[in-house]
Amino acid sequence: MAYIEDEHQYPDEVRRLVRVVNAFTKASLERLQDICTIHFGVRPSNEQIRNWITEDTGEIVRNDLPTYSGIYTYDEQYLRIDGKHAYRLLLYDDLMGAPVAEQVVDGCTKATVREFLTTALEDKPIFVVTTDGRSDYAEIVEDDLGAFHHRCHYHFLKNGEKKLREKVFQSVRYSNAEKLHAAIVWSEFKSVFAAPSYPAALQRFEAVLDKIEHLPPAVRTYVEEVMENVEKFVVHLRDEWVPSTSNNAERYFSHTKSTQVKRRFRTHEGVQSFLKTQMTVRTVKHGYISREASLARMRELFPDIEMETVIPLLTETKKRYLWSRDLEAG
């Protein structure tokens, strides 16, 4: 086995393998050393490996998609870096099936979110941005970005059901008959968002409005909020391209092993390097980019890889997309 001093140059394959394994596994620095020893016959120091898995990507980690749809989802994730609170901000292109940009910040203020979104979307088309229910988002999306703000109905209804459970079902103020009636009306209210069409949703909502006065105040406010701006909640039924929820961003967080962030992220630079690798892999596996672009992206991690090896990594939806492109080209 060759022990190489850290000031010497390691082969590119060693550094790339360390970065990829670090991004996809729970491997400690010692385990990463062991992988290098077994696979390449070298054993870099802990400090050397730490340098490899840390990358200065700038404040915002950006993707480079061939085109942008203008239909986005914004979401954020709570992190701990070196024992301190932090947040991961994500902008996801729903129609392209890939992240646009990410940033790790110490505090998730309105000004921070505004700066992230306006910077990430500079010179890009913007039509609709889906978010959860934080009150700051509407102003940022509508006033600063000049786009249509769509509310994720999953988070909205989830919060309403929590209120229904805590303020009504668990309360002694309401009789069993009142609780039952509240549950029935709430069920009818939920059906608005699952309507098969935009006109059907409006019809169902009008029926709920006839019963709103009988709802407990804790959940009546949710119906009133939709009544004030119904378009924000059901635009996905009027325009099929708009996602009904922020699930695409949520799935991306899950895909990038969000439960392991405490161990992985000891520095901001380490987070950024991790996100850059995951952004590349997500774009290759899920993103609606060409065969050639997918191969070029994967070769950023594995320079010698061929398309035959990449194909099994792709989702079935991505494979169908490439197949349709082949038909158009033929």
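The values are calculated or read from the model by the stated rules, or taken from the named source; none is laboratory data. Note that this is a predicted model, so its numbers are computed, not measured. We place every Cβ from the backbone using ideal geometry, glycine too, and count neighbours over all the protein chains shown. Areas reflect the complete protein model, heavy atoms only, side chains present, ligands, DNA and RNA absent. Shrake-Rupley method; radii C 1.70, N 1.55, O 1.52, S 1.80 Å.
List every residue pair whose Cβ atoms lie under 8 Å apart, where the two residues are 6 or more positions apart in sequence or sit on different chains, the first residue falls within segment 203-218 and is within 18 Å of S175 (Cα to Cα), and the second residue, located anywhere, is outside any helix (DSSP H, G or I).
P216/Y174
Do we have any residue at all in segment 196-215 that's surrounded by fewer than 16 Cβ atoms within 10 Å (Cβ to Cβ) and in contact with a His (Cβ under 7 Å, 6 or more places away or on another chain)?
Yes; the residues of segment 196-215 include at least one that is surrounded by fewer than 16 Cβ atoms within 10 Å (Cβ to Cβ) and in contact with a His (Cβ under 7 Å, 6 or more places away or on another chain).
Here is a list of conditions, (1) on the phi > 0 side of the Ramachandran plot; (2) more than 14 Å from the chain's Cα centre (by Cα); (3) at pLDDT 95 or above, and P125 meets all of them except one; can you say which number that is?
(1)
So which residues in segment 266-299 are assigned to a helix (DSSP H, G or I), more than 15 Å from Q103 (Cα to Cα), out of contact with any Ser or Thr (no Cβ under 6 Å at 6 or more places or on another chain) and among the hydrophobic types (A, V, I, L, M, F, W, C)?
Listed by number, the residues that qualify are V281, A293, L295, A296, M298.
Counting just the residues of segment 86-117 that are open to solvent by 40 Å² or more (accessible area, probe 1.4 Å) and either part of a strand (DSSP E or B) or in contact with a helix residue (DSSP H, G or I) (Cβ under 6 Å, 6 or more places away or on another chain) (or both), which one comes out farthest from P66 (Cα to Cα)?
Filtering first and then ranking leaves K110.
Quick one: in segment 118-153, which of the residues that are over 20 Å from K276 (Cβ atoms) and of a type in the set (G, A, S) is surrounded by the fewest Cβ atoms within 10 Å (Cβ to Cβ)?
S135
Could you grab me the full set of residues in segment 154-195 that are open to solvent by 30 Å² or more (accessible area, probe 1.4 Å), within 30 Å of A111 (Cα to Cα) and in contact with a helix residue (DSSP H, G or I) (Cβ under 6 Å, 6 or more places away or on another chain)?
Hit for segment 154-195 is K163, nothing else.
Looking only at segment 91-113, which residues are of a type outside the set (F, W, Y) and within 25 Å of D239 (Cβ to Cβ)?
Within segment 91-113, L91, D93, D94, L95, M96, G97, A98, P99, V100, A101, V113 meet the criteria.
Tell me the residue from A200, A218 that is of a type outside the set (V, I, T), at pLDDT below 90 and out of contact with any Pro (no Cβ under 8 Å at 6 or more places or on another chain), please.
Answer to the selection: A218.
Which residues, taken from segment 167-183, are in contact (Cβ under 8 Å) with a residue 40 or more places away in the chain and part of a helix (DSSP H, G or I)?
K167, V168, listed by residue number.
Tell me the residue from I60, I81, I71 that is hydrophobic (A, V, I, L, M, F, W, C) and either closer than 16 Å to V128 by Cβ or touching a Pro at 6+ places or on another chain (Cβ under 7 Å) (or both), please.
Only one candidate passes the filter, namely I71.
On the basis of being among the aliphatic types (A, V, I, L, M), more than 19 Å from V100 (Cβ to Cβ) and open to solvent by 30 Å² or more (accessible area, probe 1.4 Å), does L322 make the cut?
Numbers: among the aliphatic types (A, V, I, L, M): yes; more than 19 Å from V100 (Cβ to Cβ): yes; open to solvent by 30 Å² or more (accessible area, probe 1.4 Å): no.
When the stated conditions are applied, L322 does not pass them.
Check Q260, Q272 and return the single one that is buried (at least 17 other Cβ atoms within 10 Å of the Cβ), at pLDDT below 90 and among the polar types (S, T, N, Q).
Sole residue among the options that is buried (at least 17 other Cβ atoms within 10 Å of the Cβ), at pLDDT below 90 and among the polar types (S, T, N, Q): Q272.
Taking helices (runs of 4 or more DSSP H) that do not extend beyond segment 184-257, which have at least 1 residues that are among the hydroxyl-bearing types (S, T, Y), under 29 Å from the mean Cα position of the chain (by Cα) and closer than 30 Å to H286 by Cβ?
Details: elements: 198-209, 217-228, 231-238, 247-255.
Fully inside segment 184-257 and qualifying: 198-209, 247-255.
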